[in-house]
1. With +1 assigned to the C-beta of every Lys and Arg and -1 to the C-beta of every Asp and Glu, and no other charges, what is the dipole magnitude of region A:248-364 about the Cα centre in debye, to the nearest 20?
2. Give me, ordered by chain and number, the residues 5 or more places off B:Tyr233 or on other chains with an amide H under 5 Å from its own placed amide H.
3. Provide the percentage of antiparallel DSSP beta bridges, counting only those with both residues in the protein assembly as shown; round to the nearest 5.
4. Along region B:7-17, what does the Karplus equation 6.51 cos²θ - 1.76 cosθ + 1.60 (θ = phi - 60°) give for ³J(HN,Hα), rounded to whole Hz, x for Gly and Pro?
5. Classify region B:1-130 as rounded, prolate or oblate from the Cα gyration tensor: take a ≥ b ≥ c as the square roots of its eigenvalues, call it rounded if a/c is under 1.5, otherwise prolate when a/b beats b/c and oblate if not.
6. In chain A, with Lys and Arg counted as +1 and Asp and Glu as -1 at Cβ, which of these residues, A:Ser49, A:Thr29, A:Pro187, has the Cα nearest the positive end of the dipole, that is, farthest along it?
7. Are there GluC sites (Glu not before Pro) in region A:317-348 that DSSP puts in a loop and that have at most 16 other Cβ atoms within 10 Å, and which ones?
8. Rank A:Val138, A:Gly316, B:Tyr96 by how far each Cα sits towards the positive end of the charge dipole of the protein assembly as shown (+1 on Lys, Arg Cβ; -1 on Asp, Glu Cβ) and give me just the farthest.
Amino acid sequence: MKKIATGNKAVAEAVKQIVPDVVAAYPITPQTEIVEQIAEFVTGGELKSRYIPVESEHSAMAACIGASITGARTFTATSSHGLLYMHEMTNWAAGARLPVVMANVNRSIGPGWNIWAEHTDALQERDTGWLQVYVSTVQEAYDATIMAFRIAEHHDVLLPVMVNLDGFVLSHLMQPLDTIEVGDFIPPLSLPHAIDTNNPAGYGGLTGTDQHFLMRWDMERSIRDSVKVIEETEKEFARRFGREYGFTENYQCDDAEVIVVAMGTLGKEMEVAVDLLRKEGVKAGSLRIRWLRPFPNLSILKGKEVVIIDRDYSFGRGGVLATEIVAQTKEDVFSVIAGLGGQEVTYDDIADFVRKRQVGKEFWFGVKDNV
Amino acid sequence: MDTIAEIPKEEYVLKCSSACAGCSDSLALRYVLKAAGPDTVLVIPACCTSVIQGIYPNTAFNVPVYNIAFGAAAACASGMSNAFRAAGKKTNVIVYAGDGGTLDIGIQAMSGAFERGTDFLYICYDNEAYGNTGMQRSGATPLGAKTTTTPTGKTDFKKDIDGIIAAHNPPYMATAAAAYPQDLFKKVQKALSFRGPSFIHVLAPCPPGWRYSTEKTVEMGKLAVKSGIWVLYEREYGKLTMGAQSKVAMKKPIPLEDYLSPQGRFKGIDPKNVEILKQRIQKNFAKLSAEEAAS
C-alpha cells in the first residue's frame, strides 16, 4: 500500500507488519516517534504485541533478552546515549545468540548535547557481534527492518540485527512508502536454545576459558555465514516485492576513476554529486556501504582513487569507515570527516571533496586549520 | 503446612553445587524452589548464586536458570514474564538476587518492573555485602559492620529496601530468613499465588563474610530474629502481619550482643553504634506494630 511516511513511521510500520511478541523500548530524541507509533498501534489494537514501557534503555535490551530466550520475537529502538546506555546488554544479546532486532536512529554523543545525525553511536557497537545495516531512504528503513527479522532468526545466524537510520535527516524526513504483506517471507521464529522448563538448562553461567573461546569463535563463524543469509534474504525480497538491495549500493562505479564512499543519507546525496562531476568530465562513481557488519567485500575499489566520507571519528586513529576500508584494500584514500553533530553536507560539498581530493590525507570539513 | 515433613522431597538444588560450607543463600534457594516447583525459571544477576550453580556445561539447579548482567535482573524477568504470558504460559519467573544486585546496582530496573506491575517474584537474599567478590560493603551492610571496603566498620545505615518496595504497593511482600525454612516456603507459595509483582527479602547469614563458624548459620538467622534486628512480617495488599517469632522478639528481645558477638565483622564495634542499632530496633518495631494495628 502506498503512503507517505517519515523514516521513524516506516520502522513502526515494519514492526506492525512483523508483529513481534514483545516490544520493550524507552524514548529518546530522535527515535521517539517509533515508540510512540508502536504504542499507538498496540493501544489501538492494530498490533498484537506486548509493549513494555521500560524505565531505561539498559532495561529495554534486558527485557528483549528475557523475552527472546523464551522463544519470543522481540524489537526495540533507540538512539545515541540510549544505545550507549544499553551497551552492556547489546553485548549480552549477541553473546546469548538472541535474534533481537533494533532500530537505531543515528545521533551524536554528548557533551555538549547535540541531537543531530552522526554515526559514532552505532560504531561504538561495532565489535559486539550485532549485524549492522545503514539505510538511506524511508522505503529502505521499512524494507531493512522487515528483512532484519528473517536474517537475525536464521539458524545459520542467530545474532541480533541493528537497522541504522540517520537522525532527523531520515528519521523525520517524509518520503513515499510502499508497505507490503510479508506472508511467509518471515517464517515463524524457532529458537533452538529457547528455555524449556521440561528440559532445564543453565544459560550464561560461569564458563571456562576453552568453552568461552569456542563460543566466541562460533559467533564469528555465524557472522561470516550471515553473508550468505543476507544475500539470499535480499534476493528473495527482490523476487517477492521487487526492491533490490545489496551489501553496497553502487552508482556509476563500473568506469569510475574516483569513487566516493559513505553510509546512510550522505551515501544517497553523493549520487547527485556524481552526476555533477560527470557533467564536468570527472569519471566519478559512488558506493554506499549498507552493511557494516558483516563488512562487505570492496574489491571494486581496487586501483581507483577513493574518497571516504566518515560521519564519525575514532579519536587518535581516524574515520572508522576509512580505517576499515584501508585495512581491507591496503590502498591510500582521501579521508573526509564531515557531518558530525548534524553538520550540513550538500551534494555540492561532496563534489568539492572529490575535486579537491588529496589521497593519503585526512580532511575535516569546515575546520580551517587542518590537513 | 505445619511441619517440615510436609515440604516436598523433590530437590531442585542438586548435590555438588559450589556453595561455601554453611551457605544460607543455597539453603534458602532450596526451599524457594521446593515451593515454586518445576514450572519455574530463575533469573540471576551477578551474585553468589552465579557461582553456586556450577560451571558450564554443568548446572546444580534443576530448573532453567537465566544468568544476566548485574543491574538487569528485574528488567530481564520483565521481558521473560511478558513473553510467557503472551504465549499463555503460567511459568513462574523468579529473580533470585543478592543485596548488591537489589539495593544498589539493580534498584532502577527493579523499581521499574514493580511500577509496571510485572507478574514475577523478586527474592533478595541478603548477606549484607558483596559476597561474590569477597565482602565489600553494600547498601545492605549494617552500621558498624566491617567489610573489605569498610575495614573499621560501616559508618552509614542499612538501606530500607523494604520501605522502598512498599512504596510501590505490590500485592504481596514479605521478609523471611533462611533459618526459618517453613516460613520461607509458605511465603514463596503465597507470593506466587498473586498476579503482579511480589517481593521477599530473605536474611542470608554468610559464614566467611560475617566471620562466624559454619555450623552456626541457622543459629545466626534465629539470633537475628530473636534480637529484633531482623523482623519477620508480610504485607498483603498493604495489610501487615508480623510473624509470631518477631512478636515474641518485640516483647522480649534477646540482647543484641548475643547476635553481634559471635560475628567477626562486628568485633570491636563502637558501643555507641550498638546503642544506635538497639534504638533503631525499637523504632522499627514501633513503626511495624503501629502499621499492623492500623491495617
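1. The calculation lands at about 280 debye.
2. So B:Tyr233 has HN proximity to B:Thr175, B:Gly243.
3. Expressed as a percentage, antiparallel bridges in the protein assembly as shown total about 25.
4. 3J(HN,Hα) across region B:7-17, in whole Hz: 6, x, 7, 4, 9, 10, 9, 7, 5, 6, 6.
5. oblate
6. A:Pro187
7. A:Glu331, A:Glu344
8. Among A:Val138, A:Gly316, B:Tyr96, the one farthest towards the positive end of the dipole of the protein assembly as shown is B:Tyr96.
Every read-out reported here was derived from the displayed coordinates using simple, explicitly stated rules and does not represent laboratory data. Here the structure is a predicted model, which means the values were calculated and not measured. We place every Cβ from the backbone using ideal geometry, glycine too, and count neighbours over all the protein chains shown.
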